[in-house]
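Enquirer: This is the structure, below, for whatever I ask next.
The values are calculated or read from the model by the stated rules, or taken from the named source; none is laboratory data. Model, not experiment: these values are computed from the prediction. Note: ideal-geometry Cβ built from the backbone for every residue, glycine included; neighbour counts use all protein chains shown. Accessible surface is based on the protein model in full, side chains and every heavy atom, while ligands, DNA and RNA are left aside. Shrake-Rupley method; radii C 1.70, N 1.55, O 1.52, S 1.80 Å.
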Amino acid sequence: MGLYKYVNAAWRKPKENLGSLWKERLIVWRGEPVTLRIDRPTRIDAAHSLGYKAKPGFIIVRQRVLRGGRQKPKFKGGRRPKRMGRKKIVGMTYQEIAERRAAKKYVNLEVLNSYWVGEDGIYKWYEVILIDKSHPVVLSDHNINWIANKQHTKRVFRGLTSSGRKARGLRHKGKGSEKTRPSKTANWKRRNK
């Protein structure tokens, strides 16, 4: 096995495989800012599989997201509102929320992808790969210069990243996913003219 396979195997069960290092990292991360730019990826295998390259123009940001609170708040008193169900949750994953917050912090960069790096009872941490699409090194790399095209502007806010496509139900094709393309809203409008 190559190096990345060992790294990948260690990250499948980080609490068991990384031991005390895992706990120490989480303690340090809790005291850091919510959005923190880091020099190199924590999970090198995940970063490279998602398109990261150790070149100028590629930036890694560790983003912290608060867990919980995804239900509608309970009504305070009086008569219960007619449509006050409590099972409705946010239509985005924590990962997509992390990507959006990193993109708001770094407005001149474009989100390429992200991956999970840790969680405890209060927070989840994701590392977001951001790209400076005006950088000459990025523009000259034919594998990644597609992100500089006009149609990829603010792609994270339109659900075009991997986690965004997952939340939109675009990971499946064929039977059972007839109503997901081009989007659920477009499909509903077409059927309810």
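Enquirer: Just list whichever of K53/K133; K13/K124; K105/K133; K5/K124; K13/K166 have alpha carbons separated by over 21 Å in the model shown.
Expert: Distance filter (> 21 Å) returns K5/K124; K13/K166.
Enquirer: Sorted by accessible area with a 1.4 angstrom probe, largest first, how do S134, S177 fall?
Expert: S134, S177
Enquirer: Turning to a different aspect of this structure: For the chain, report the % of Cα-Cα distances exceeding 31 Å.
Expert: It works out to 31 percent of all Cα pairs.
Enquirer: Shifting gears a bit: Rolling a 1.4 Å sphere over the protein heavy atoms, what is the accessible area per residue of the range 101-193, to the nearest Å²?
Expert: Accessible area per residue, the range 101-193: 62 Å².
Enquirer: Let me ask you something else. Could I have the simple spin-label model distance between S183 and K23, label points 7 Å from Cα toward Cβ, reported in nm to one decimal?
Expert: Each label point lies 7 Å from its Cα, and together they span 4.7 nm.
Enquirer: Continuing with the same structure: Lys and Arg at +1, Asp and Glu at -1: add these up for the other residues within a Cβ distance under 14 Å of F58 and post the number.
Expert: Taking every other residue near F58 into account, the sum is 0.
Enquirer: For the range 15-76, which trypsin sites (Lys or Arg not before Pro) pass both filters: DSSP loop (anything but H, G, I, E, B) and at most 13 other C-beta atoms within 10 Å?
Expert: Within the range 15-76, the qualifying trypsin sites (Lys or Arg not before Pro) (loop, at most 13 other Cβ atoms within 10 Å) are R67, R70, K74, K76.
Enquirer: Follow-up question, since we're still on this one. So, counting K/R as plus one and D/E as minus one, what does the shell of residues with Cβ under 12 Å around T42 add up to?
Expert: +1
Enquirer: Next up: So which aspartates and glutamates can K23 reach, going by Cα to Cα under 14 Å and dropping same-chain residues fewer than 8 places off?
Expert: Excluding near neighbours in sequence, the set is E119, D120.
Enquirer: Right, something else. So, counting K/R as plus one and D/E as minus one, what does the shell of residues with Cβ under 15 Å around R12 add up to?
Expert: Residues close to R12 contribute a combined charge of +1.
Enquirer: Another question about this same structure. If you roll a 1.4 angstrom probe over the protein chains with everything in place, what fraction of the accessible area of the chain belongs to carbon and sulfur, to the nearest %?
Expert: 53
Enquirer: Follow-up question, since we're still on this one. Accessible area of L21, 1.4 Å probe, to the nearest 10 Å²?
Expert: 80
Enquirer: Give me the number: length gained by fully extending L160 to V34, i.e. 0.36 nm times residue separation minus the C-alpha to C-alpha distance, one decimal in nm.
Expert: Length gained between L160 and V34: 43.0 nm.
Enquirer: Right, something else. Mind jotting down the distance between the C-alpha centroids of the range 19-37 and the range 146-193, whole Å?
Expert: So the two Cα centres are separated by 34 Å.
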